[in-house]
Amino acid sequence: MLNILILAAGKGTRMHSDLPKVLHPVAGKPMLAHVIETAKQLSPSKILVVYGFGGDAVPDQFRDENIHWVQQAEQLGTGHAVMQALPFLDPDAKTLIMLGDVPLISVQTCQELLKNQVKLTLLTFAKANPSGYGRIVRNAQDEVVAIVEHKDASEEQRQINEINTGIMAVDNHALSEWLKNLGNDNAQGEYYLTDIVGMASQQGIAVGGVLAPNEPEITGINSKSDLAAIERCYQQQQAAQLLQQGVTLSDPARIDIRGKLSVGRDVSIDVGCVFEGEVHLADSVRIGPYCVIRNASIGVGTAIAAFTHIDDAEIGKQAKIGPYARLRPGTVLQDETHVGNFVELKNAQVDVGSKINHLSYVGDTTVGKQVNIGAGTITCNYDGVNKFRTVIGDNAFIGSDSQLIAPVTIGAGATIGAGSTISKDAPAGELTVARGRQVTVSGWKRPEKIKK
C-alpha cells in the first residue's frame, strides 16, 4: 500500500508575492499541479497535501481532485508538517514524501525510490558544486548513515558531492516512532524531518539512497529566478520530445507548451509559438511564427500564418489561416477554407472551400460551401441584449463592406452588392443591393477656415 504526502505549506518569502508559492505557474498551471499529476500516476491509495500559507487558496485550486488536505497552521519545519499528516496515513503503508515546489520530479525516479525495500530511502543527487547543501554520508556498505549540513561538515565531508533532496520513501510504522522523538532544539526552533536519518542509523536500521538522474528533477523553486529557470527546463524537455517525434522546430529554445500537444508526421513550427490546453496538429501542418493556439484540432496540410490566435476551434484539411487571424470558441472550419489577415470568427461554422480573406468579423454564423465573403464584412449578431444567427447558403458572394444584420438568411448562390446593409433575407440566386443612391452636388466647395 502506498501513501503519497506532498509538503506544500511554505510561503516562499523570496517570491515577493501574496500568492502561495506552490500556486505560481510552471507551463501554465500551478507548480503543485505537476507534483499531483506525477503522484496520481503512481497509483497510491491516498494522496495527502499539507498546506499552510494562503489559507484555503491552495485547496480551492484543486477542489476537483481526490486529495486529503492537511493544514499546518504554523510553519515549524518539515518534520512538523509530517506530524500534522501522520494521523491520516495508513499505518501499514509506505509513504512517498514529495515537495510541492519541486515540479519536475518524474514518475520513473519515484518508482526507483519506491523499489528499495528498506524502511527509509532518500532521493539524493550528485551536485557539481554542493556548497551550502546537506551532504549524504555513507558507510562501507553504501548505506546512508547521516545527513550533515554544510556549516557542520568537516573538510573531508565537504568533499562529498552527494546531497539531500528532501524527497524520501519511508515505512509508516517506523515514521510514527521517529516522529515521536523528533525535537526542535536548534536555532530556528523547527522540527527537521531529516533528523530521522540519524535516528535510523543509531537504531542500526539501514537507510537507502537513490541518485536522481538529473538536476531539474530535484530542483526546488524559491524565487522568481528559479521559477524562470524551471520553466525553461520544462520547455526544453517538451521541445526535445517533439524533435524526437520528427517535428521541425525553427528554434527549440523558442516554443512554449502549456498543456498537451500531439502531432502527426512532417509538422513544422516556427519561433515564438505558444500552445495551451489540448492541441492536435495533424500530418504536414505548418505553424508560422508567434501563433497562440489553445484547445484546437488542426487538420492535415493546413497552414497557419504568423500571429494567428486560435482558441477552442476545429480546422479541417488543407486550410489556410492568417496572418493575424483570430478564431474564437465555437469556430469550425471545414477543408480548404481560407481565413485571412485581420479576420475574426466566433461560433462560426464555415463549410468546404469558403473564403473570408480580409478585415471581417463573422460571429454566430453558418457559412455554406464555396462562399466568398469580401473585405470589411460584418455579421451584426448582437442587439445589445441577445445574440442572433446569420445563415449564408452555398456559393453565395458577399460584397466588400457589407453588414448582415442577424437574424438573416442569405440564399444559396445569392450575391450581395458591396456596401450593402442587409436586414431582410436575401433570395437565392439573386443580386441584392441595399445602399443609398450616389449623388454628385455640382459647384459644392469645401468650407474654409475662418481667419481671426
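The values are calculated or read from the model by the stated rules, or taken from the named source; none is laboratory data. Computed from a predicted model, the values in this text were never measured in an experiment. Here the Cβ is made from the backbone with ideal geometry for all residues, glycine too, and neighbour counts use every protein chain on show. Keep in mind that these areas ignore ligands, DNA and RNA; they rest on the heavy atoms of the full protein, side chains included. Shrake-Rupley method; radii C 1.70, N 1.55, O 1.52, S 1.80 Å.
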- line: Within region 384-411, residues being among the small types (Gly, Ala, Ser) and assigned to a strand (DSSP E or B) number 0
message: Going residue by residue through region 21-28, is there one that turns out to be over 26 Å from residue 257 (Cβ atoms) and either within 21 Å of the chain's Cα centre (by Cα) or assigned to a helix (DSSP H, G or I) (or both)?
response: no
query: For region 354-366, which residues satisfy the criterion of being polar (S, T, N, Q), open to solvent by less than 10 Å² (accessible area, probe 1.4 Å) and outside any loop (DSSP other than H, G, I, E, B)?
result: 365
message: Between a residue in region 189-217 that is modelled with pLDDT of 90 or more and any residue that is of a type in the set (Ser, Thr, Tyr) and in a loop (DSSP other than H, G, I, E, B), which pairs come within a Cβ distance under 7 Å, given they are 6 or more apart or on different chains?
response: 217/106
- prompt: Quick one: what pairs do we get from region 245-270, first residue over 14 Å from residue 300 (Cβ atoms) and of a type in the set (D, E, K, R), second open to solvent by 30 Å² or more (accessible area, probe 1.4 Å) and not in a loop (DSSP other than H, G, I, E, B), C-beta under 7 Å, 6+ apart or different chains?
  reply: 258/276; 260/278
Of all residues in region 122-139 being outside any loop (DSSP other than H, G, I, E, B) and in contact with a helix residue (DSSP H, G or I) (Cβ under 6 Å, 6 or more places away or on another chain), the one that is most open to solvent (accessible area, probe 1.4 Å): 125
Set 406, 434: member being open to solvent by less than 60 Å² (accessible area, probe 1.4 Å), touching a residue at least 24 places away in the same chain (Cβ under 8 Å) and among the aliphatic types (A, V, I, L, M): 406
task: Name the residue, out of 213, 252, that is surrounded by 14 or more Cβ atoms within 10 Å (Cβ to Cβ) and not in a strand (DSSP E or B).
output: 252
message: Filter region 282-317 down to the residues that are open to solvent by less than 50 Å² (accessible area, probe 1.4 Å), over 16 Å from residue 327 (Cα atoms) and of a type in the set (A, V, I, L, M) and list them by number.
response: 282, 285
Any hit, region 323-340, residues being in a loop (DSSP other than H, G, I, E, B), of a type in the set (Asp, Glu) and in contact (Cβ under 8 Å) with a residue 12 or more places away in the chain: yes
- line: By residue number, the members of region 12-65 that are β-branched (Val, Ile, Thr) and surrounded by 15 or more Cβ atoms within 10 Å (Cβ to Cβ) are 22, 26, 35, 36, 38, 47, 49, 50, 58
- request: Have a look at 114, 76 and point out the one that is assigned to a helix (DSSP H, G or I) and aliphatic (A, V, I, L, M).
  value: 114
task: For residues that are of a type in the set (A, V, I, L, M) and surrounded by 19 or more Cβ atoms within 10 Å (Cβ to Cβ), scanning just region 94-114, find the one that is farthest from residue 33 (Cα to Cα).
output: 113
Filter result (assigned to a loop (DSSP other than H, G, I, E, B), open to solvent by less than 50 Å² (accessible area, probe 1.4 Å) and free of Cβ contacts under 8 Å to residues at least 40 places away in the same chain) within region 367-383: 371, 375, 376, 377, 381
field: Index of the failed condition, residue 82 passing every other in (1) open to solvent by less than 10 Å² (accessible area, probe 1.4 Å); (2) under 12 Å from residue 3 (Cβ atoms); (3) over 31 Å from the mean Cα position of the chain (by Cα)
entry: (3)
message: I'd like to verify a number: residues in region 370-405 that are in contact with a Cys (Cβ under 7 Å, 6 or more places away or on another chain) and within 23 Å of residue 334 (Cα to Cα), how many?
response: 1
- prompt: Quick one: in region 140-153, which of the residues that are open to solvent by 50 Å² or more (accessible area, probe 1.4 Å) and in a loop (DSSP other than H, G, I, E, B) is nearest to residue 117 (Cα to Cα)?
  reply: 143
Selected residue [open to solvent by 50 Å² or more (accessible area, probe 1.4 Å) and of a type in the set (A, V, I, L, M, F, W, C)] from 187, 206, 200: 187
query: Mind checking whether some residue in region 166-176 is assigned to a loop (DSSP other than H, G, I, E, B) and surrounded by 17 or more Cβ atoms within 10 Å (Cβ to Cβ)?
result: no
